Amino acid sequence: MTNKDIRISLYTDGAAKGNPGPAGIGIFMECDGVSLQEIGEYIGEATNNAAEYKALIRGMQLAHELKATRVDAFSDSELMVRQLNGQYRVKTPGLKPLYNEACDLRKSFEAFEIQHIPRSQNHEADRLANLGIQERRMASGPGDRAR
């Protein structure tokens, strides 16, 4: 490793209330145990799997902006992780463009690895994804009516 190597741990999660339904993404990034970024954001209507990909893509974009050279990504989405590691094919037409975008983004790093972790080890990203959905509901008012 050179002095310019920046290794980031990226934890991502996507959540949808309904499938599809109101969806949020959660991103937690750290470097050497120091928190760099936390994002919980509403992304509109999406399936859970699409939200998982959108969280990863947004996290990868942020890591690139932070000049990361190496990214260790962690997700509790076994489907997404196995697709990106070549163990599963992407059969859902709506996921193919997201899969392709994630594959293109991974090329912007010297090293990129993604691994599946249990939900219990992804609590920050999970909390942030659900916070994104809650923020949408708070902005909408009772019964999801616009204020």
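What follows draws every value from the coordinates through simple rules; no lab data is involved. Note that this is a predicted model, so its numbers are computed, not measured. Note that each Cβ is placed from the backbone with ideal geometry, even for glycine, and that neighbours are counted across all protein chains shown.
Brief remarks follow.
- The listed residue being surrounded by fewer than 16 Cβ atoms within 10 Å (Cβ to Cβ) and at positive phi, out of Asp5, Asp32: Asp32
Every residue, every condition in (1) touching a Ser or Thr at 6+ places or on another chain (Cβ under 8 Å); (2) loosely packed, with under 15 Cβ neighbours inside 10 Å; (3) closer than 17 Å to Ala46 by Cα, yes or no:
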| site | (1), (2), (3) |
| --- | --- |
| Leu84 | no, no, no |
| Arg89 | no, yes, no |
| Lys96 | no, yes, yes |
| Tyr99 | no, no, yes |
| Phe109 | yes, no, no |
| His116 | yes, no, no |
| Arg119 | no, yes, no |
| Ala125 | yes, no, no |
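- Failed criterion for Gln61 (all others in (1) within 20 Å of Tyr88 (Cβ to Cβ); (2) touching a helix residue (DSSP H, G or I) at 6+ places or on another chain (Cβ under 9 Å); (3) surrounded by fewer than 22 Cβ atoms within 10 Å (Cβ to Cβ) hold): (1)
- Residue check for Ala23: within 14 Å of Asn130 (Cα to Cα), over 11 Å from the mean Cα position of the chain (by Cα) and surrounded by 24 or more Cβ atoms within 10 Å (Cβ to Cβ): yes
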